[in-house]
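Report on one structure; see the data block that follows.
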Amino acid sequence: MLSREFQEVYNIFKMNFYASMCANSKELTMQEAFSLDIIYMLSNPTILEYANYMGISQPNATYKINQMIDKGYLTKEVCNTDKRAFRLKVTSKFLECYRDNDRYIQKTLGDIENIFSKEEVELLEKMLMTIKDYMSQGE
């Protein structure tokens with residue numbers, strides 16, 4: 001069944017990402033790795049935007065953010081539009097860990113290109129672009 005296979009592939013990518021994040025940084029907890037990934041994908045959210053996305057209180061978010069700042073994975077920058085707010089930005093230390101996941105993805109894509117024909121790879125690419133566009137409409 002397609003949904004089971006899709007879920008399994010998705011889980012493999014997620015598991016590899018969080019395992020590599022925690023393996024490369026012995027100081028990050030799984031929850032911190034997840035939070036940093038969310039902050040990265042939200043593209044420099046404010047603390048309130050992060051808290052709302054995670055469904056946690058702003059004081060709880062601030063506490064967690066300060067832990068990640070202390071470990072060197074995150075910085076706070078004053079927001080240009082509201083000087084009382086801060087934008088969260090991942091650091092190069094985080095991005096270095098993130099690059100390991102990029103290497104895993106590149107290896108996987110290379111393997112796909114070796115296993116499947118050029119036409120099959122092009123069809124997969126087209127399908128993935130269509131899925132991404134469809135999923136992006138729901139945001």
On average, how much area does the Cα convex hull of the chain cover when viewed from any direction, in nm²? 10.4
How large is the convex hull of the C-alpha atoms of the range 61-138 per residue, in Å³? 150
Given the Cα-Cα distance of Lys118 and Met41 and 0.36 nm per residue of separation, how much length would full extension add, in nm? 24.6 nm
Find the centroid of the Cα atoms in the range 55-83 and in the range 12-45, then give the distance between the two in whole Å. 16
Just how many % of Cα pairs in the range 1-42 lie over 16 Å apart, if you round to the nearest whole percent? 44
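In the structure displayed, which of Lys71/Lys107; Lys64/Lys107; Lys107/Lys132; Lys14/Lys93; Lys26/Lys118; Lys26/Lys126 lie more than 31 Å apart, Cα to Cα?
Cα-Cα > 31 Å for Lys64/Lys107; Lys26/Lys118; Lys26/Lys126; rest within.
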Please list, in order along the range 73-86, the HN-Hα scalar couplings obtained from phi with the Karplus expression 6.51 cos²θ - 1.76 cosθ + 1.60 (θ = phi - 60°), rounded to whole Hz, x for Gly and Pro. 9, 8, 10, 10, 10, 4, 5, 5, 8, 9, 5, 7, 9, 10
Could you run the Karplus curve 6.51 cos²θ - 1.76 cosθ + 1.60 with θ = phi - 60° over the range 17-23 and give me ³J(HN,Hα) per residue in whole Hz, x for Gly and Pro? 4, 5, 5, 5, 4, 6, 5
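Readers should treat all values here as calculations from the given coordinates under stated rules, not as data from a laboratory. Keep in mind that what you see is a predicted model, and the values were worked out from it rather than measured.
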